[in-house]
Amino acid sequence: MEPFDYRRPGDAATAVRTVAADPSAVFLGGGTNLVDHLKLGVASPGLVVDVTSLTSSEISDHDGGLRIGAAVRNSDLAADRRVRERYPMLARALLAGASGQLRNMATTGGNPLQRTRCVYFQDVTTPCNKRSPGSGCSAIGGYTRYHAVLGASPECIATHPSDLAVALTALDAEVQVLGPVGERTIGFGELHRLPGDRPDRDTVLEHGELITAIDLPEAPIAVNSTYRKVRDRASYAFALVSVAAALRVENGIVRDSRIAFGGVAHKPWRATRAEEVLLDAPATEATYRQAAEAELADAVAVDGIDGGNGFKLPLLVNTLAATLRDLTGEAK
């Protein structure tokens, strides 16, 4: 691990100014991802600014929904009665991630900013455009089991690892940000980027901008929602594919839906094509599969030394259909 300076400012505004003034500075929240990267040599900041106690650790009612302070721990958010009753997909996504010990440390503001678990990104002996722009992508032609089938580029085929972020995308959450020029609000679906020719940038946040809270809008449809994650192990594993979904069905017809996918792209993937297919269509297995296939119309599987990731396409169709069946109470 490279030596670095450490500071703990007294307020969020000072922390923002401190990081904005130093290109080598980073924020430290729960540290569950950053500390790993410090040890691996993936990250080597000159200055670490601790913001653990500078943003709210409260969950409060807000405009019919909820405001979640950036310092709220993942375990506390998953256990909150309002979240479990009004946004069950969010609680289930949180409990599907990591381990109990990690959820006790990880924060609401930090979890969506965790970086890819692509094995080549974390191996500093291999070329990686996300870690070292212009060096190449070792994943292309390499081990691709966990890699993207949607929205990838010739520069990067990594996927985003956060389960929480998939649910927040489906729920149309909003991100409250404090930066060196003031506050701004970002729709959660616009927070993360596709790789394009700048895979080193995961989000639209500028250097020095700090997430202070995440707002969940009032969403009656979310009462009937869930999160399903398919992975290689029953726990403590990242998603091969995942689905966050909410569904409203009246007299056998789908009247509204919210769907997002995880494990398939460089960002949480909002499935708008699938939602369009579902709208005012019969709530049947055939419709659910048509919706998934429509969303995957532009998907591209990647060959690899492990057999590639083409299995993700039928797996995602099956996972979405199973998730929506559960929400309608329909037997297979």
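The values are calculated or read from the model by the stated rules, or taken from the named source; none is laboratory data. Just so we're clear, the structure is a prediction, and the values are computed from it rather than from any experiment. Methodologically, a virtual Cβ is constructed for each residue, glycine included, from the backbone with ideal geometry; neighbour enumeration extends over all protein chains shown. Areas reflect the complete protein model, heavy atoms only, side chains present, ligands, DNA and RNA absent. Shrake-Rupley method; radii C 1.70, N 1.55, O 1.52, S 1.80 Å.
Being among the acidic types (Asp, Glu), in contact with a strand residue (DSSP E or B) (Cβ under 7 Å, 6 or more places away or on another chain) and open to solvent by less than 30 Å² (accessible area, probe 1.4 Å), is that true of even one residue in region 27-50?
Yes, region 27-50 contains a residue that is among the acidic types (Asp, Glu), in contact with a strand residue (DSSP E or B) (Cβ under 7 Å, 6 or more places away or on another chain) and open to solvent by less than 30 Å² (accessible area, probe 1.4 Å).
From the list 265, 239, pick out the single residue that is more than 17 Å from residue 192 (Cα to Cα), of a type in the set (A, V, I, L, M), buried (at least 20 other Cβ atoms within 10 Å of the Cβ) and out of contact with any Phe, Trp or Tyr (no Cβ under 8 Å at 6 or more places or on another chain).
None of the others qualify; the one that does is 239.
Could you pull out the residue among 141, 189 that is open to solvent by 20 Å² or more (accessible area, probe 1.4 Å), at pLDDT below 95 and touching an Asp or Glu at 6+ places or on another chain (Cβ under 9 Å)?
Residue meeting the stated conditions: 141.
All but one of (1) closer than 28 Å to residue 158 by Cβ; (2) surrounded by 18 or more Cβ atoms within 10 Å (Cβ to Cβ); (3) not aromatic (Phe, Trp, Tyr) hold for residue 310; which doesn't?
Looking at each condition in turn, residue 310 falls short on (2).
Okay, residues lined up against (1) open to solvent by 60 Å² or more (accessible area, probe 1.4 Å); (2) more than 30 Å from residue 99 (Cβ to Cβ); (3) under 21 Å from the mean Cα position of the chain (by Cα):
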position: 227; (1), (2), (3): no, no, yes
position: 255; (1), (2), (3): yes, yes, no
position: 279; (1), (2), (3): yes, yes, no
position: 293; (1), (2), (3): yes, yes, no
position: 322; (1), (2), (3): no, no, no
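Can you list the strands (runs of 3 or more DSSP E) found entirely within region 23-125 that contain at least 3 residues being in contact with a helix residue (DSSP H, G or I) (Cβ under 9 Å, 6 or more places away or on another chain) and in contact (Cβ under 8 Å) with a residue 60 or more places away in the chain?
65-69
Out of (1) in contact with a Ser or Thr (Cβ under 9 Å, 6 or more places away or on another chain); (2) among the charged types (D, E, K, R); (3) more than 23 Å from residue 96 (Cα to Cα), what's the single condition that is false for residue 174?
(3)
Which of the residues spanning region 1-20 are closer than 27 Å to residue 121 by Cα, in contact (Cβ under 8 Å) with a residue 24 or more places away in the chain and in a loop (DSSP other than H, G, I, E, B)?
Hits for region 1-20 are 1, 2, 4.
Please work out which residue is farthest from residue 20 (Cα to Cα), limiting yourself to region 209-225 and to residues that are in a strand (DSSP E or B) and open to solvent by less than 20 Å² (accessible area, probe 1.4 Å).
Filtering region 209-225 for residues that are in a strand (DSSP E or B) and open to solvent by less than 20 Å² (accessible area, probe 1.4 Å), the one farthest from residue 20 (Cα to Cα) comes out as 225.
Taking region 144-186 as the region of interest, how many residues are of a type in the set (Gly, Ala, Ser), open to solvent by 10 Å² or more (accessible area, probe 1.4 Å) and closer than 26 Å to residue 305 by Cβ?
Within region 144-186, residues that are of a type in the set (Gly, Ala, Ser), open to solvent by 10 Å² or more (accessible area, probe 1.4 Å) and closer than 26 Å to residue 305 by Cβ number 3.
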